[in-house]
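Right, one structure below, let's go through it.
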Amino acid sequence: MHNDLIMSLLSSGENFMHRRALLATAAAFLALAPAAFAETESKSVPAEKLFPFLSNYYSLPAAERSHFRLAYTMMVQGGKAEQVSLILQDGAKIVPNAQGYLAPLPTVAQLKGKLTYSRPAGVKFGVALDLLPTQAPAQTMDAKALALSVTQALKGSKKVAGLMAMALPTFDRIEIRGVSTGQVKLADGSTRALGLIGATKDKKGVYHPAHISYVPAEWPTAASVSFDAMPSKLLIEAKP
């Protein structure tokens, strides 16, 4: 299940943002309904408006977010991502990295300032938010660190959501993309296979590519997790 929990498209109208809880795919604290900005080619807005929940994430004690992080993907309609320019108030530019995530993310100080976006007329854009383990993808990975990323993401999301926490999905697994087989090595040295979950389309017609799903709670004595190839992406997810 993909982590496009947050997708806000910038359309016509003045600065409007409506928040709603959305029990959907993974990796986000809450969901945003469509956000809207004026159809001008260039405009300055509060930086935190384009990076929802980043300030909430920063507000968590460092020890409570050491194993998971937020990542934002630019979603564009009517054009290409490279046609959209994002420049923070201090002049720093934000661009998609090799994985398609916007980088570098604004600091706490930069979030308090303005962000200027520029785009061709008629091009709409927004962001999709994912939750990722801080552990980099590898063919063999520390199972305990992966389990901690899921635990921290679940606790952190509930903590920052406050009264809306009941509406959030329960993050309990990691979706491993770009591999076809995987296995768990247990503390006694034995191994168990992780099955491949085939590609599907949900009730909303959203396509979810085939992936390996690792649920730490199902493997309490796991020492490591390994795959047949280098994973292309790791996403912290909720139970389908």
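The values are calculated or read from the model by the stated rules, or taken from the named source; none is laboratory data. Quick caveat: nothing in here was measured; it's all calculated off a predicted structure. Reconstructed Cβ throughout: ideal geometry from the backbone, glycine too, with neighbour counts over all protein chains shown. The accessibility values were calculated without ligands, DNA or RNA, using every heavy atom of the protein model including side chains. Shrake-Rupley method; radii C 1.70, N 1.55, O 1.52, S 1.80 Å.
A search for C-beta distances below 6 Å between a residue of the range 114-125 that is open to solvent by less than 50 Å² (accessible area, probe 1.4 Å) and aromatic (Phe, Trp, Tyr) and any residue that is in a loop (DSSP other than H, G, I, E, B) and at pLDDT 90 or above, counting only pairs 6+ apart in sequence or on different chains, returns PHE125/VAL84. Listed by first and then second residue, the pairs with beta-carbon distance under 7 Å, at least 6 apart or on different chains, first residue in the range 190-211 and more than 18 Å from LEU234 (Cα to Cα), second of a type in the set (Ser, Thr, Tyr), are LYS201/TYR207. Taking the numbered list (1) assigned to a helix (DSSP H, G or I); (2) open to solvent by less than 10 Å² (accessible area, probe 1.4 Å) in turn, ILE174 passes all entries but (1).
Would you mind stating whether LYS159 is modelled with pLDDT under 95 and among the basic types (Lys, Arg)? In short, yes. The residue that is farthest from GLU175 (Cα to Cα), counting only those in the range 225-240 that are buried (at least 18 other Cβ atoms within 10 Å of the Cβ) and touching a Lys or Arg at 6+ places or on another chain (Cβ under 8 Å), is VAL225.
When you check ALA199 against the structure, is it of a type in the set (A, V, I, L, M, F, W, C) and out of contact with any helix residue (DSSP H, G or I) (no Cβ under 7 Å at 6 or more places or on another chain), yes or no? Spelling it out, ALA199 is indeed of a type in the set (A, V, I, L, M, F, W, C) and out of contact with any helix residue (DSSP H, G or I) (no Cβ under 7 Å at 6 or more places or on another chain). Residues satisfying the criterion are absent from the range 65-88 (criterion: hydroxyl-bearing (Ser, Thr, Tyr), assigned to a helix (DSSP H, G or I) and either open to solvent by 60 Å² or more (accessible area, probe 1.4 Å) or not assigned by the TED database to the domain that holds LEU186 (or both)).
Before we move on, is GLN152 of a type outside the set (Lys, Arg), open to solvent by 50 Å² or more (accessible area, probe 1.4 Å) and in contact (Cβ under 8 Å) with a residue 12 or more places away in the chain?
For GLN152, the condition - of a type outside the set (Lys, Arg), open to solvent by 50 Å² or more (accessible area, probe 1.4 Å) and in contact (Cβ under 8 Å) with a residue 12 or more places away in the chain - is not met.
So, of the residues in the range 126-142 that are within 19 Å of the chain's Cα centre (by Cα) and not hydrophobic (A, V, I, L, M, F, W, C), which turns out to be surrounded by the most Cβ atoms within 10 Å (Cβ to Cβ)? Residue satisfying both the conditions and the ranking: ASP130. Scanning the range 196-223 for residues that are open to solvent by less than 70 Å² (accessible area, probe 1.4 Å), closer than 17 Å to ASP172 by Cα and small (Gly, Ala, Ser) yields SER213, ALA222.
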